[in-house]
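The values are calculated or read from the model by the stated rules, or taken from the named source; none is laboratory data. This is a predicted model, so every value here is computed, not measured. Positions of Cβ are generated from backbone atoms using ideal geometry, with glycine treated the same way; all protein chains shown enter the neighbour counts.
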Amino acid sequence: MNKTVFIDRDGVINRDSPDYITSVEKFEFLPGSLDAIRTLTLHHYDIIIITNQSVIGRGMITSDTLDQIFMKMKKGVEAHGGRLKDIFFCPHTPDDKCVCRKPKPGMIFSARDKHGIDLKQSCMIGDSAKDILCSKNAGIGRAILVRTGNGPKALLELQGKSIVPDHVANDLLDAADWLIDKDHSRDLHT
């Protein structure tokens, strides 16, 4: 059975924006992110995107526009030799108090239930404290914080809460390389 890697979108795969990603044109892959997804795919990881998309709840874009952005991401990943198993998103704003918005684990649990995932054998990669907290709340085995996007701010926030990610990576490619190396070492010793 393949291992699963949950990856946040904005600030990890693509450039984030304080004004949100509200159009296909604003979606721009970060350097190395396509290589990272291809590398994970070639090493038999199932990749599932877990992303808060309050732009829907805020009325800034339609679900059709979000679908077009996801399609651009998926096509870019596939053209580069990678594969996304699934995408889960929360359309709600923080005020909606839903169960799916990270740091709550609702999206992770939905993915687990749909795909039969062993969360203890999984990993979450993100650029925010919400991603790392979501990982902990869901019982995911490992959490990697990347320094892209909100990473530097998130690291300070997590330190203030005495929460330590399993690894802090420079970017998604660095995170993928670390994860593959750790899993390969662990497999050699079991």
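How about segment 103-120: which of its residues are among the β-branched types (Val, Ile, Thr) and either assigned to a loop (DSSP other than H, G, I, E, B) or surrounded by fewer than 17 Cβ atoms within 10 Å (Cβ to Cβ) (or both)?
Ile117
Could you list all residues from segment 78-102 that are over 16 Å from Thr41 (Cα atoms) and either of a type in the set (Lys, Arg) or buried (at least 17 other Cβ atoms within 10 Å of the Cβ) (or both)?
Narrowing segment 78-102 to residues over 16 Å from Thr41 (Cα atoms): 88-102.
Matches in segment 78-102: Phe88, Phe89, Cys90, Pro91, His92, Lys97, Cys100, Arg101, Lys102.
Answer yes or no: is there a residue in segment 163-176 that is buried (at least 19 other Cβ atoms within 10 Å of the Cβ), among the small types (Gly, Ala, Ser), farther than 24 Å from Lys104 by Cβ and out of contact with any Lys or Arg (no Cβ under 8 Å at 6 or more places or on another chain).
yes
Can you name the condition, by its number, that Ala79 falls short on among (1) in contact (Cβ under 8 Å) with a residue 24 or more places away in the chain; (2) farther than 27 Å from Leu119 by Cβ?
(1)
What residue, of Ile37, Ile7, is under 23 Å from Arg101 (Cα atoms) and at pLDDT 95 or above?
Only one candidate qualifies: Ile7.
Each row is one residue, and each column tells you yes or no for (1) of a type in the set (Ser, Thr, Tyr); (2) closer than 25 Å to Asp174 by Cβ.
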| position | (1), (2) |
| --- | --- |
| Phe6 | no, yes |
| Ser17 | yes, yes |
| Val24 | no, no |
| Leu30 | no, yes |
| Ser33 | yes, yes |
| Ala36 | no, yes |
| Leu40 | no, yes |
| Asn52 | no, yes |
| Lys72 | no, yes |
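Can you tell me how many residues within segment 144-190 are farther than 21 Å from Leu42 by Cα, among the hydrophobic types (A, V, I, L, M, F, W, C) and not in a strand (DSSP E or B)?
6
Would you call Leu145 more than 29 Å from Gly59 (Cα to Cα), under 13 Å from the mean Cα position of the chain (by Cα) and of a type in the set (A, V, I, L, M)? Steps first, please.
Working: more than 29 Å from Gly59 (Cα to Cα): yes; under 13 Å from the mean Cα position of the chain (by Cα): yes; of a type in the set (A, V, I, L, M): yes.
Against the criterion (more than 29 Å from Gly59 (Cα to Cα), under 13 Å from the mean Cα position of the chain (by Cα) and of a type in the set (A, V, I, L, M)), Leu145 qualifies.
Restricting the search to segment 116-175, which residues are basic (Lys, Arg) and closer than 24 Å to Val77 by Cα?
Selection gives Arg142, Arg147.
What are the residues in segment 121-135 that are part of a helix (DSSP H, G or I) and either under 14 Å from the mean Cα position of the chain (by Cα) or of a type in the set (A, V, I, L, M) (or both), if any? Show your work before the answer.
Filtering segment 121-135 for residues part of a helix (DSSP H, G or I) gives 121, 129-135.
Ala129, Lys130, Asp131, Ile132, Leu133, Cys134, Ser135 - these are the residues of segment 121-135 that are part of a helix (DSSP H, G or I) and either under 14 Å from the mean Cα position of the chain (by Cα) or of a type in the set (A, V, I, L, M) (or both).
Can you tell me which residue in segment 128-142 is farthest from Val5 (Cα to Cα), limited to those that are buried (at least 24 other Cβ atoms within 10 Å of the Cβ) and either touching a Ser or Thr at 6+ places or on another chain (Cβ under 7 Å) or among the acidic types (Asp, Glu) (or both)?
Asp131
If you take the residues in segment 16-72 that are among the acidic types (Asp, Glu) and without any contact (Cβ under 8 Å) to a residue 12 or more places away in the chain, which one is surrounded by the most Cβ atoms within 10 Å (Cβ to Cβ)? Quick ask: steps written out before the conclusion?
Applying the first criterion (among the acidic types (Asp, Glu)) to segment 16-72 yields 16, 19, 25, 28, 35, 46, 64, 67.
So of that shortlist, the ones also without any contact (Cβ under 8 Å) to a residue 12 or more places away in the chain come out as 19, 25, 64, 67.
Numbers: Asp19: 9, Glu25: 9, Asp64: 8, Asp67: 11.
Applying the filter and picking the extreme gives Asp67.
Give just the number: which of (1) closer than 23 Å to Asn2 by Cα; (2) in contact (Cβ under 8 Å) with a residue 40 or more places away in the chain does Gly106 not satisfy?
(2)
Could you tell me whether any residue of segment 161-170 is hydrophobic (A, V, I, L, M, F, W, C) and within 15 Å of the chain's Cα centre (by Cα)?
The initial filter retains those residues of segment 161-170 that are hydrophobic (A, V, I, L, M, F, W, C), namely 163-164, 168-169.
Filter once more, so that each one left must be within 15 Å of the chain's Cα centre (by Cα): 168-169.
Checked segment 161-170: at least one residue is hydrophobic (A, V, I, L, M, F, W, C) and within 15 Å of the chain's Cα centre (by Cα).
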